[in-house]
Amino acid sequence: PSKNCSVYSSSDVETSVEEEFEVSYLLSTYEIASGSFSIKYDSELFEVVGVTNGAFCDDKIVDVNTKFAGSVNVSFVGTVYKNDTNLITVKFKTLKNGNINSTIKMSVTEFYDLDLNPISCDGCTATVNIALDESYTKDAPSMTLYTAYNATTGKVTLTIKLDKDSMLGAGDFTLKFDNHYLTYKRHQHVHKK
């Protein structure tokens, strides 16, 4: 009779830019001697900062490859069963800011028992919800405010400049002033190529 196995992961994850979070994987049985699996993620949203083998991997030779962006590839081989189903924990760091939903998918390539019988195993998917961090400014383009006062006309001229390296396509900002002393007259856009 063919053997089956299931994989379970952490429930839905909530995260924000620059935060770290973990996704842990558990097996429904420890009677797996060797095999390989991969964990796929969006490398624009996350990076792997650490991988910890669970007790299931004790007494097994384990190879973890995180060299390819978007993928953690794991293979293992053993000659005994370890009575533990805690497979692996992957720690990720969130790279992007925004209200974004993504998934991290674990797929089993192959699992075998001690007699090299194949074990059928569906992978699993963890949902990651990135929440917008309104206070995060690290990737915001820097703006500079220049002021000039003409004593003859009594005019204050404000010039707002964006970083020349800014790739900003659109955005908004608020300019606040004390309306007891200043009155808004006009504005103009200056485009420089």
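The values are calculated or read from the model by the stated rules, or taken from the named source; none is laboratory data. Owing to the predicted nature of the structure, the values given are computational and were not obtained by experimental measurement. Here Cβ is always computed from backbone atoms with ideal geometry, including for glycine, and neighbour counts include all displayed protein chains. Note: areas computed on protein heavy atoms with side chains; ligands, DNA, RNA excluded. Shrake-Rupley method; radii C 1.70, N 1.55, O 1.52, S 1.80 Å.
At-a-glance table
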item: Average accessible area per residue (Å²) across the chain - probe 1.4 Å, nucleic acids and ligands excluded; result: 69 Å²
item: Whole-Hz ³J(HN,Hα) from phi, Karplus 6.51 cos²θ - 1.76 cosθ + 1.60, for the stretch 8-15, glycine and proline x; result: 10, 10, 3, 5, 3, 10, 10, 8
item: In order through the stretch 175-180: 3J(HN,Hα) via Karplus (6.51 cos²θ - 1.76 cosθ + 1.60), integer Hz, x for Gly, Pro; result: 10, 10, 8, 7, 7, 6
item: Heavy-atom SASA rank of PHE111, PHE68, PHE177 (probe 1.4 Å, accessible area, largest first); result: PHE68, PHE177, PHE111
item: Estimated FRET transfer efficiency (ASP84, LEU132; beta-carbon r; R0 35 Å; 0.05); result: 0.35
item: List THR152, THR157, ordered by accessible area with a 1.4 Å probe, largest first; result: THR152, THR157
item: Pairwise FRET efficiency - LYS93 versus THR29, Cβ, R0 = 25 Å, nearest 0.05; result: 0.20
item: For the stretch 1-148, size of Cβ-based charge dipole, Lys and Arg +1, Asp and Glu -1, in debye; result: 240 debye
item: Accessible carbon and sulfur surface of the stretch 1-42 relative to its total accessible area, %, 1.4 Å; result: 43 percent
item: Label corresponding to P(r) over Cα pairs in 10 Å bins from 0, in percent when calculated from the structure given, among [x] 9, 33, 32, 17, 7, 2, 0; [y] 7, 27, 20, 14, 10, 9, 7, 4, 1, 0; [z] 9, 30, 27, 19, 12, 3, 0; result: [y]
item: Choice from GLY78, GLY50, GLY154 showing the highest fluctuation, given a GNM over the chain with Cα pairs closer than 10 Å; result: GLY154
item: Greater than 32 Å apart at Cα, pairs in LYS96/LYS155; LYS60/LYS96; LYS91/LYS176; LYS96/LYS161; LYS67/LYS161; result: LYS96/LYS155; LYS60/LYS96; LYS91/LYS176; LYS67/LYS161
